[in-house]
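Report on one structure; see the data block that follows.
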Amino acid sequence: MYPVKRSRERLDLRELASDDVDAMLAIYGSAEATEHMSFAPRTRDQVEQIVARSIAAATAKPRTEYALAVVERETAELIGFGRLATDPHQQRGATMGFALRPASWGVGYGMETVRLLLGVGFDDLGLHRVWGARSPFNQASARTMAAAGMVEEGLIREHVLKAGKWRDSVVHAILDREWRPTT
């Protein structure tokens with residue numbers, strides 16, 4: 001499926017473009033935004049490579065990765081990033097992740113982003129299960145995924161190595177029969 005275009009009340013999802021590097025750097029280059037992610041802040045060169053890989057993956061056949069820009073409709077600004085990747089170990093399953101620039105936190109954009117990604121997964125791709133993992137310390141992400149209808153399933157012990165230390169991850173998931181597109 002290319003191109004992806006999906007909208008909710010205040011946000012749009014769209015394919016990444018090469019001129020999104022600076023806006024993505026505001027997320028991936030931020031210590032605050034990456035505090036609970038599995039990696040340290042990225043450099044501009046690294047973000048350029050991520051954007052280039054995402055653009056190339058968008059037209060792969062079959063497409064297995066949906067790396068998408070989250071755009072605030074009112075300003076047309078890229079404020080976040082969402083990703084769905086089909087899971088080769090699970091039939092009709094995908095992993096999901098999202099990040100917003102810190103200036104956009106606290107106003108419900110996270111939940112809208114997750115709902116947009118779930119819409120792509122269930123409504124457009126016909127998936128059965130979508131799951132995501134978060135840092136045990138990221139309570140905002142826990143609330144966001146719960147508000148979007150995802151269920152906390154458990155802990156993956158010492159799942160992420162960051163800054164020389166192992167960290168657990170908490171898994172949240174939702175099934176197609178639990179998906180409610182209008183909520």
| note | Computed over the chain, protein heavy atoms only, probe 1.4 angstrom, the accessible area per residue in square angstrom equals 52 Å²
| field | Within the accessible area of the chain (1.4 Å probe), percent carbon and sulfur | value | 51 percent
| query | Non-local amide H neighbours of Gly29 (under 5 Å, H modeled in plane, Pro and chain starts lacking H): which ones? | reply | Arg42
| Net charge near Ala40, counting Lys/Arg +1 and Asp/Glu -1 over other residues with Cβ under 15 Å of its Cβ? | +2
| message | Quick one: 3J(HN,Hα) in Hz for the range 152-167, Karplus 6.51/-1.76/1.60 with θ = phi - 60°, rounded, Gly and Pro as x. | response | 6, 9, x, 10, 9, 6, 6, 7, 10, 9, 9, 6, x, 10, 7, 10
| field | Local net charge near Leu161, Cβ-Cβ under 12 Å (Lys/Arg +1, Asp/Glu -1) | value | +1
| message | Averaged across orientations, what area in nm² does the convex hull of the alpha carbons in the range 104-183 project? | response | 5.9 nm²
| request: At a 1.4 Å probe radius, which order do Phe81, Phe137, Phe39 fall into by accessible area, largest first? | output: Phe137, Phe39, Phe81
| query | For the chain, what does the alpha-carbon gyration tensor say about shape, rounded, prolate or oblate, given a ≥ b ≥ c as the root eigenvalues, a/c under 1.5 as rounded, and a/b over b/c as prolate? | reply | rounded
| query | Taking all pairs of different Cα atoms in the range 42-120, averaging 1/r and flipping that mean, what Kirkwood radius in angstroms comes out? | reply | 13.7 Å
| message | With θ taken as phi - 60° and the coefficients 6.51, -1.76 and 1.60, list the Karplus ³J(HN,Hα) couplings across the range 3-10 in order, rounded to whole Hz; mark glycine and proline as x. | response | x, 7, 9, 8, 9, 10, 3, 10
| task | Write down the percent of antiparallel bridges among all DSSP beta bridges whose residues are both part of the range 69-148, to the nearest 5. | result | 80 percent
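The values are calculated or read from the model by the stated rules, or taken from the named source; none is laboratory data. Note that the coordinates shown come from a computational prediction; the quantities given were computed from them, not determined experimentally. All Cβ positions, even for glycine, are placed from backbone atoms using ideal geometry, and neighbour counts span all protein chains on display. These accessible areas exclude ligands, DNA and RNA; they are computed on the full protein's heavy atoms, side chains included. Shrake-Rupley method; radii C 1.70, N 1.55, O 1.52, S 1.80 Å.
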